[in-house]
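Trainee: Below is one structure. I have some questions about it.
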Amino acid sequence: MTLSVASNLIEIRNLTVTFPSEAGIVRAVRDVSLDIRAGEVLGIVGESGSGKSVMSLSMIGLLAESATVTGSISYDGVNLLSLGDNAMSKYRGKDIAMVFQDPLSALNPVHTIGRQISEALHIHNDISKEAALARAIELLEIVGIPRPAERAQSYPHEFSGGMRQRVMIALAIANQPKVILADEPTTALDVTVQAQILDVLKTARDMTGAAVVLVTHDLGVVAGLADRVAIMYAGKVVEIGNVDEVYASPAMPYTIGLLRSIPRVDAVGSSRLTSIEGTPPSPVALPPGCAFAPRCPAAAPQCDAEIPVLAAVSPTRLTACVRQQEIQGLQTSGRLFRDGPSHVAAPVSGNAVALEIRNLKKTFPLMKGSVLRRRVGSVFAVDGVDLTLREGRSLALVGESGCGKTTTLLEILNMVAPETGTITVLGRNVSELSKKQRLEMRKDLQIVFQDPFASLDPRLPIGDAIAEPLDNFGMPKSEQDQRVMELLELVGLQRDHASRYPAEFSGGQRQRIAIARALALNPKVLALDEPVSALDVSVRAGVLNLLAELQEKLNLSYLFVSHDLAVVQHVADDIAVMYLGGIVESGPVEEVFARPQHPYTQALLSAVPIPDPVVERVRKRVILQGELPSPANPPSGCRFHTRCQIRASLPAEVAARCVSDRPELDSRHASRVACHAPLN
Amino acid sequence: MLNYLVKRVLNFLIMVVLASTLGYVLSSLAFDPRANYQGANPPIPESTINAKLDNLGVNPARPLVGRYLDWAGNVLTGDFGVTVGEQRVNEELSRRIWVSLRLLVLGSVIGSLVGVVLGVVSAVRQYGATDRAASVLSFSLLSTPVFLLAILLKFGAIDLNNRLGTTFFFTIGEYSADFTGNGWDLLVNRLQHLILPTLSIALGGIAFYSRYQRNAMLDVLGSDFLRTARAKGLSSRQSLFRHGLRVAILPMATFFAYSFGLLVTGAPFTESIFGWNGMGSWFIVAVQSNDINSVSAVIVFSSVLVLLSGLLADIAVAALDPRVRLR
Amino acid sequence: MTVTELSVESSPSNRLTRGSLIRLRFMRNRLAVAGVVILVLMFVAAFIGPFFSPYRWDELDFEALLQAPSSKHWFGTSQIGGDVFALTVRGLQKSLIIGLLVAVFSTGLAAVAGGFAGFLGGKVDRSVMWMIDALLVLPSFLIIAVMSPLYRGRTWLIFVVLLAAFGWMVTARIVRSATMSLRERDFVRAAQYMGVPARKIVFRHLLPNVASILIIDATLNVGATILSETGLSYLGFGVQPPDVSLGSLIAEGTASALTYPWLFMFAGSALILTVLAVSFIGDGLRDAFDPGSNKSKKKVGKS
């Protein structure tokens, strides 16, 4: 059944994990057999609920007590599943180590970092306190923590997210394990920090020679790192094999759809995305046969009849699909998945300006003390931002967390006079609006939020939620219903959904509801705050395609705030890149992506992983050094000079200017850049 | 940190002033000290009553503002005035404070320690026999008013004494009035008097703390850092004691402050039922006898106690939690 | 408990509605169901009992002083010939009414104060919080006892108002922190950007979303109120004679309770059982609304 190659480190056989729940039995992992070979990097890719995390937790024996586990996991001739907690803890940390997703809560808040690492050493080794601490400091150095001896005395809350994840990796490699399980190790991190952490993970693997199991939802992260990849869906491995092979010629329809539904940052021109219909099944109510059948464009009656087993497609690949033989033919004839619309950009010139921001600044007071609070300084959240959005076009505001993009968006939406600068919406300066005019103006500018689970009131039927703006602007109740129905159909939902509560919808559907609500008042400008980043990979394409359709149909202008450059490449016409409160580069997307002028844009683009192992392996990656400086105390001159990858190679006189003068946005080419030494 | 403390103390003083003002003003409005003398037989002449009221500084004939300012001025110099029984309030205060504190401190320390241990054990053995027994016990205790609990303890003790045929538990007073021994014997006698009132205060604390500690511990049991500790190779028990306990105990410091306020409420019942002459029983008598000065003194005392325990809790949290330490 | 857990049922395929799920969880909790049964019985006894009692609560039977329970006087008689059953039932009635009224008023007050403080923030928040802190410095027991002469000889409703006025602070704090986290939720922001006024946001979006907290706290406040009411009445600072509450009955009964246990036993048991029932219900509701709060938060089926 499994491809047999020598030196299997861990052999998982017929692993099934179930949990009791109120809705019924959750079948998280179903009859999975898998090998982990010594020294390899195995990527396990799946969406939320696919069972990938449960599988990694069962390897280290940390499943919830309520879990029922059957099958076997053998390591070194021992079935780990048969061990009790005390026996299993001899293996944990020593042979099998783990890096968890959320570095924020994974470390004990009341102990120092040094103490937490030395504890890991003490558990498995008989060493002195001093030796353990010395080794802990050494480990911190290996994972790239500056001034390790000093930082060992710090507490977790004094570290940034990226630094904490480095600490987690140091903990994992402390005892030279044979296997490192990394469960979504970079999901909570920014893209440039992700690149750093993946780099550290590579170092860790080279040092220890351990096998790495990289569990993720991101096909891009796996591509450059993994030797083999396993795709999971609804608790089963549906495809596994050599990474090049799986990416180049996927054989399972789910893998095919998934690979075609994710936008790529290196796509040329306007790409088209495939959307997989429907949503992943609930693990308490799985379809009888192949779990993907209800969403599969190639589904046939036999798919519902039996659960497909993994079968060899080639010597190095297995696929679980009943119609596996026929799939290749369907795929090449283009009959498998239908592509979504391709995005057509509205002309640049001649269009009226929908939204214009000039020199916007926003500072927050930095407060200290808890009883009598006093201001001790300012956080320069937005520090001189210029933006222009033309009607019918999409402008993407891009940057990492803490760069000020969300603050910029909120300042625009507040529609009150900013601290400094001007905000002009549809030709009207918001500082000059009366209270009544401002309310009127809200009709034209609406927002779709990131998290569809938070953006709908769980206690309001969705029909009422969509009608709320209508009601608020005095539309008679009788007309409201008609409009709600129209809107539901517009976003691809059914009329009878109106009386249901948000809890009955999936993430993708909820985001459609949020879009319907935003469109209720016929706005001209739609602000989209990371509209797909909280969604499962396979439903993102559907929402992105819907947004593209709506823009064309309703002549909407989009202000698209995102950290995901691949999505931006797909939907936006123009892009503005933000770093530490300021715009460092702006211009048409094709131009900026093809010829980034600013070193930060270059680094950002190169940090985005591409779901293509061949490209990914040969790509030269710029890995930024250090951490994002605090916006309360921004660097002088060019904000980016402390981390700039090219400054060291600049002539001394230019490099000095980077420290002393803040560069202005300057239009030299098709794009505008704020840099003393632009790249191209 | 020093800066922070100074501010806390400042806030503390404002709150005490506010609470004592409220106490004095409310009691002055609600009480009718003249009623203490009216209807006596033979009737007391109006002029004598006025003289007595003036002596206490509570004559309603004077405007409230003036009376309050006099009282506040005296309190600032450390003089709480005169009781209705024409004793110095200060004397009563200095005698009764120690009676009450002995009860409160002992009761709350026993209550919190036993409660925390019980809570931890319950959480670790969730749904086990200990947990269920502890849950039923704390629910029952929390549903029993202090006065009823004290009465039941008293009756139980009397019943036990009768069965033993000897007076093991004393149910009235701090020590036997006719007791002549000293040294060891006196200590034993005092302890025999102390057991029941302390128990009646401690039991409520045990119930309260064990519930909260259990919940705090269960929160920690599901936390990511405990999972990390186990991933390092600690067994589930080791990780619980080395990592879980320290974090789970943090919120208890705040609850300690909160529950001290509850104790101040509980003490009057315990003291009056067991015949202890503490602050609580004084308060009850003072309200019944329209004694504005005594009531105000008790209110100042209780607000200082509540705020002080809050301050101590803050310091304790800061000492235990590095996240709070650095502000 | 966190608001997120309370308000979001994550599985879209779960066909059980929230309401039926809560009912299901509540019914599974045996203690909570027992609490409901006991409380219903107490209400029946308190409000229907008097119709079956051979004596009225303020009626004295001078031929039967201090008699043990019998078929004539079900719970016996007091020193002056009062029927203990009628008195106990009357006291229970009073305690229950006061408990309910105060719980409703104080929870309502807490919802409004906490909701607006949490949503509006700034000066409103600071002043509400300051008021709460100031009121918490003095135990409400002391304040109400001091004010007791004000309602001596007047209607007991003043007592109810005082209990409510000094009993809302802790719940208000909980509501405030819950609304503060809800305020950051996008559906509230969306309403703001649609120009919905603050008052409407608080009542339409925020308070319904903390309804579970309010229901739980209102329930627990019934118990807490009965405890403080009986305590104050025990000392004579609460319900005033000739009217009776469980507290004043126990106070009268204790003097000779060792020899005449019926004077005290029935009122005492009724009191403990009622409060116990209420806390079982409150605890059951908390578990039903928010299964993660009291139970182990071990992650189930997370992937």
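Throughout, read-outs are computed from the coordinates displayed, never taken from laboratory work. Keep in mind that this is a model prediction, so the values were computed, not measured. For neighbour counting, all protein chains shown are included, and Cβ atoms are generated from backbone atoms with ideal geometry for every residue, glycine included.
Trainee: Which FRET efficiency, nearest 0.05, do A:S499 and A:Q302 yield, Cβ-Cβ r, R0 41 Å?
Mentor: Approximately 0.60, to the nearest 0.05.
Trainee: Of the DSSP beta bridges with both residues in the protein assembly as shown, give the percent that are antiparallel, rounding to the nearest 5.
Mentor: 65 percent
Trainee: For the protein assembly as shown, what ratio Rg/Rh do Cα atoms give with a Kirkwood hydrodynamic radius?
Mentor: 1.02
Trainee: Under a plain spin-label model, where a point goes 7 Å from the Cα along Cα-to-Cβ, how far apart in nm are A:L330 and C:F47?
Mentor: So the label points at A:L330 and C:F47 sit 6.5 nm apart.
Trainee: Turning to a different aspect of this structure: With label points built 7 Å along Cα→Cβ from the Cα atoms of B:V17 and A:R13, find their separation and express it in nm.
Mentor: My value for the distance between the label points is 8.0 nm.
Trainee: Once you charge only the Cβ atoms, +1 for Lys and Arg and -1 for Asp and Glu, what is the size of the charge dipole of the protein assembly as shown about its Cα centre, to the nearest 20 debye?
Mentor: The calculated dipole for the protein assembly as shown is roughly 660 debye.
Trainee: From the Cα gyration tensor of the stretch A:419-577, with a ≥ b ≥ c the square roots of its eigenvalues, which class applies: rounded if a/c is under 1.5, or else prolate if a/b is larger than b/c, or else oblate?
Mentor: oblate
Trainee: What is the P(r) of the stretch B:179-224, as percent of Cα-Cα pairs per 5 Å bin from 0?
Mentor: 5, 18, 14, 11, 11, 10, 9, 7, 6, 4, 3, 1, 0
Trainee: Set the Förster radius R0 to 35 Å, insert the Cβ-Cβ distance between C:V112 and B:L29 as r into 1/(1 + (r/R0)^6), and round the FRET efficiency to 0.05.
Mentor: After rounding to 0.05, the efficiency reads 0.80.
Trainee: When a/c reaches 1.5 or more, the comparison of a/b and b/c decides; with that in mind, is chain A rounded, prolate or oblate per its Cα gyration tensor?
Mentor: oblate
Trainee: What fraction of the DSSP beta bridges in chain A is antiparallel, stated in percent and rounded to the nearest 5?
Mentor: Taking every DSSP beta bridge within chain A, about 65 percent pair in antiparallel fashion.
Trainee: Which helices, counted as full DSSP H runs in chain B, have an axial Cα extent of no less than 27 Å and a Kyte-Doolittle average of 0.5 or above?
Mentor: B:2-30, B:89-124, B:184-221, B:245-273, B:292-320
Trainee: May I ask for the percentage of alpha-carbon pairs in the stretch C:21-292 that lie more than 30 Å from each other?
Mentor: 40 percent
Trainee: Further question on the same structure: How many angstrom lie between the Cα centre of the stretch A:429-488 and the Cα centre of the stretch A:157-219?
Mentor: When both Cα centres are located, 43 Å separates them.
Trainee: Now a separate question. Treating only the Cβ of Lys, Arg, Asp and Glu as charged (+1, +1, -1, -1), what charge dipole size does the stretch C:21-292 show about its Cα centre? Round to the nearest 20 debye.
Mentor: In total the dipole reaches around 1160 debye.
Trainee: Mind running the shape call on the stretch A:553-614? Use the C-alpha gyration tensor, a ≥ b ≥ c as the square roots of the eigenvalues: rounded below 1.5 for a/c, prolate if a/b tops b/c, oblate otherwise.
Mentor: oblate
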